[in-house]
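This report concerns only the one structure given below.
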Amino acid sequence: MEVLNDPSERRRKRQALWSKLFSELEEFVVTTKEFRPWSSLPIKYPKIMEFILSHLYYSDHARVRAVCKTWSSMHRVAPMKQLPWLILWGKDSCRSFKLIDPQYSIIYTIEMENTVFEGKDLSEIEICACKHSWFLMSSSTDQHVYSFVLYSPFMNSLERVIELPILNSNRKIQIATFSSNPTSPDCVFFTLSYDYTKVDISTCSRGDTAWTIGTFHNNVSMDELWGLNYSVGPHINVAYLDGKFYWTSFYPEMVGTYSIVEKDYHL
């Protein structure tokens, strides 16, 4: 007796069909197989590589681009969103630091003395700001003479360091930061120092050979505003938005602003 719509019979026919298809596919691959290096993928199939990269995290992007020069020069694709990496610096100096990847629970240790900072006095270097995977670092051998260097542990050895012009400041610098990714042509570097009722603001951009320094006056003494004279470091939060830097004072509750285009300071 024939049973209509027997599930087992349908399953057997489906398996037979798939088996035939895979057999034909295997025969096609074997007869038409052409061996090519992986590095040829972006040239012939850029959309495939962009699709793959869009499903990888930032750390995996770095590994992919390290395969060859062709992959390194591929069109930039935004990586998958992931937890931000954590950075742990040495207790006494910038001789070493750890990069903690919470996505994969991996810790990387980087010795600064084995990088481009080899031979330099790392005990004199301070971290001023960190964003967009870049550190803004400063050192001062003479009073009020500052050297600023940008360092990224994620770039290759030829691009991971950006040196800025020497800054001769009239006063000790309290704030040093930058507006956007340092590799961007519109990135602006910013420092602020104060002494009683005067404020010095210095700015420079990529390619500048010197800093632009402006001196401004306050109706309220800066000693009254902050109370303490901080050294260079991330002690006062600075924000950047639409061509202006913003920072807060401890007391009284006031906000300082500086416009890059207008070169104008307000408190």
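A few points about this structure:
- No other residue among VAL261, VAL232, VAL238 is modelled with pLDDT of 85 or more and under 21 Å from TYR151 (Cα atoms) apart from VAL238.
- Residue satisfying all of: in the range 193-229; of a type in the set (A, V, I, L, M) and at pLDDT 90 or above; least open to solvent (accessible area, probe 1.4 Å) among these: ILE201
- Leading residue by the ranking (modelled with the highest pLDDT) among those in the range 146-185 that are under 22 Å from LEU86 (Cα atoms) and among the aromatic types (Phe, Trp, Tyr): PHE178
- Residue check for ALA176: part of a strand (DSSP E or B) and of a type in the set (Gly, Ala, Ser): yes
The values are calculated or read from the model by the stated rules, or taken from the named source; none is laboratory data. Nothing here was measured: the structure is a model prediction, and the numbers come from that model. For the accessible areas, the whole protein counts, side chains as well, though only heavy atoms, and no ligand, DNA or RNA atoms are used. Shrake-Rupley method; radii C 1.70, N 1.55, O 1.52, S 1.80 Å.
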